[in-house]
Amino acid sequence: MVMLRYAVYRFFTMLLTLLLVSVLIFVIINLPPGDYLSNQIAELQASGQSAGVAKAEFLRTEYALDRPMWEQYLIWMGFWPGPHGFEGLIQGNYGWSFEFDRPVAEIVGDTLWLTVVVNLAAILFVYAVALPLGVIAAARSRTWIDYTSAFVGYLGLATPNFLLALILFYYGHRYFNLPIGGLMDPSFEGQPMSWDKMKSILVHLIVPTFVIGTSGASAMMQRLRANMLDELGKPYVETAIAKGMSPSRMLTKYPLRVAFNPFVADIGNLLPSMVSGSVLVSVVLGLQTIGPTLLTALKTQDQFLSAFILMFVALLTLIGTMISDILLVMLDPRIRYEGREA
């Protein structure tokens, strides 16, 4: 019952935070002077294309860009009636992309779930690599295993993702016949999900998962090793060993459990860092994720498209943070939620 209350409390806290984040996103996007349509109008007026100016002016009125900023925000969220009534994010209308001349929902429809798939695969890779290597490096401190793990970790942190992507593309295709570019075979694009399409996605995920997850796995491995070494130096470890507890059981029952807390807490930071850190990698690898689309939207001041993508990244951050908070309460008996405190 206490856990359920805490989960409900964190859910409503997440919604309130998301609302505040939406205000910040909308304000920051509108801070630069002008917008996509005003820039286009200036260009058309300079070239004397009156028909194009009339269309751009119509679109400004159609999407309420001629109204005050506070009203634009409320219309965008769906809290205030626009030119066609209540049509905002909470009603499922994500807006219009002026750069691509299509609804935002059509542009991000396929890329959203592919983005989630790529980043979930990268997160699973991070934990699958960092957890065993961090524990082994701490348990075999100052041995060749520890030094080798540290070298691999520093190499992963120091190598730029885009350079690693190019290297893996070349050698992966040359020696293992791995596909180059994209997240699926072009013949499957726009097709319903099938077993063949799923296999194509899994094969195409090998290189992006390794590239995107390498730096995160390296950093987390070093952090887990440091936490484990700190716990292994405490008196209760010596007491447990003196009482006859086997080193492996002692390691997993006490130090690992305590050192695992920051490991779990990092879930909230991993999701957005993976999305934001994979923008350049997505461009280099030709991935059909929201990274390249976000880059284009920000460069052209396509406010509805960029605002929705940033809201999506914020939502991933808050969901990851909520999951990590709930897991921490379940993992560590010292963390409890009572009343309004966690």
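The values are calculated or read from the model by the stated rules, or taken from the named source; none is laboratory data. What you are looking at is a predicted structure, and each value in this text was computed from that prediction instead of being measured. With ideal geometry, Cβ positions are generated from the backbone for all residues, glycine too; neighbour counts draw on all protein chains shown. Surface areas here come from the heavy atoms of the whole protein model, side chains and all, with no ligands, DNA or RNA. Shrake-Rupley method; radii C 1.70, N 1.55, O 1.52, S 1.80 Å.
Filtering the range 211-245 to residues that are farther than 16 Å from residue 157 by Cα and basic (Lys, Arg) leaves 234, 243.
Rundown of residues vs (1) in contact with a helix residue (DSSP H, G or I) (Cβ under 6 Å, 6 or more places away or on another chain); (2) of a type in the set (Val, Ile, Thr); (3) assigned to a helix (DSSP H, G or I), yes/no style:
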site: 116; (1), (2), (3): no, yes, yes
site: 126; (1), (2), (3): yes, yes, yes
site: 138; (1), (2), (3): yes, no, yes
site: 153; (1), (2), (3): yes, no, yes
site: 168; (1), (2), (3): yes, no, yes
site: 171; (1), (2), (3): no, no, yes
site: 187; (1), (2), (3): no, no, yes
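Would you check if residue 162 is among the aromatic types (Phe, Trp, Tyr) and either more than 25 Å from the chain's Cα centre (by Cα) or modelled with pLDDT of 80 or more (or both)? First the steps, then the outcome.
Values: among the aromatic types (Phe, Trp, Tyr): yes; either more than 25 Å from the chain's Cα centre (by Cα) or modelled with pLDDT of 80 or more (or both): no.
In short, no.
If we scan the range 176-191, do we find a residue that is closer than 20 Å to residue 123 by Cβ, in contact (Cβ under 8 Å) with a residue 12 or more places away in the chain and not charged (D, E, K, R)? The answer is yes; a qualifying residue exists. For the range 221-260, how many residues are open to solvent by less than 80 Å² (accessible area, probe 1.4 Å) and not in a helix (DSSP H, G or I)? Residues flagged as open to solvent by less than 80 Å² (accessible area, probe 1.4 Å) and not in a helix (DSSP H, G or I) within the range 221-260 amount to 5.
Just one residue in the set 276, 324, 306 is of a type in the set (Ser, Thr, Tyr) and modelled with pLDDT under 75; that residue is 276. Against the definition (small (Gly, Ala, Ser) and farther than 28 Å from residue 209 by Cβ), how does residue 95 come out, yes or no? Yes, satisfied.
Quick check: is even one residue across the range 187-197 at positive phi and open to solvent by less than 80 Å² (accessible area, probe 1.4 Å)? Lay out the reasoning, then the answer.
Taking the range 187-197 and keeping what is at positive phi, we get 190.
Now narrow it down to the ones that are open to solvent by less than 80 Å² (accessible area, probe 1.4 Å): 190.
Looking through the range 187-197, at least one residue is at positive phi and open to solvent by less than 80 Å² (accessible area, probe 1.4 Å).
Does the range 280-292 hold any residues that are surrounded by 24 or more Cβ atoms within 10 Å (Cβ to Cβ) and among the polar types (S, T, N, Q), and which are they?
Step one: filter the range 280-292 for residues surrounded by 24 or more Cβ atoms within 10 Å (Cβ to Cβ), giving 282, 285, 287, 289-290.
282, 289, listed by residue number.
Restricting attention to the range 32-55 and to residues that are out of contact with any Phe, Trp or Tyr (no Cβ under 9 Å at 6 or more places or on another chain) and of a type in the set (A, V, I, L, M), the residue that is modelled with the highest pLDDT turns out to be 54. Among the criteria (1) open to solvent by 20 Å² or more (accessible area, probe 1.4 Å); (2) of a type in the set (Ser, Thr, Tyr); (3) in contact with a Leu (Cβ under 8 Å, 6 or more places away or on another chain); (4) farther than 25 Å from residue 215 by Cα, the one residue 317 does not fulfil is (4).
In the set (1) at pLDDT 85 or above; (2) open to solvent by 10 Å² or more (accessible area, probe 1.4 Å); (3) out of contact with any Ser or Thr (no Cβ under 8 Å at 6 or more places or on another chain), the condition left unmet by residue 295 is number (1).
Can you name the residue in the range 152-175 that is aromatic (Phe, Trp, Tyr) and in contact (Cβ under 8 Å) with a residue 12 or more places away in the chain and, of all such residues, is most open to solvent (accessible area, probe 1.4 Å)? Before you say what the answer is, go through the steps one by one.
Of all residues in the range 152-175, those aromatic (Phe, Trp, Tyr) come to 154, 162, 169-171, 175.
From the residues that got through so far, the ones that are in contact (Cβ under 8 Å) with a residue 12 or more places away in the chain too are 154, 162, 169.
Values: 154: 139, 162: 91, 169: 30 Å².
Top of the filtered list is 154.
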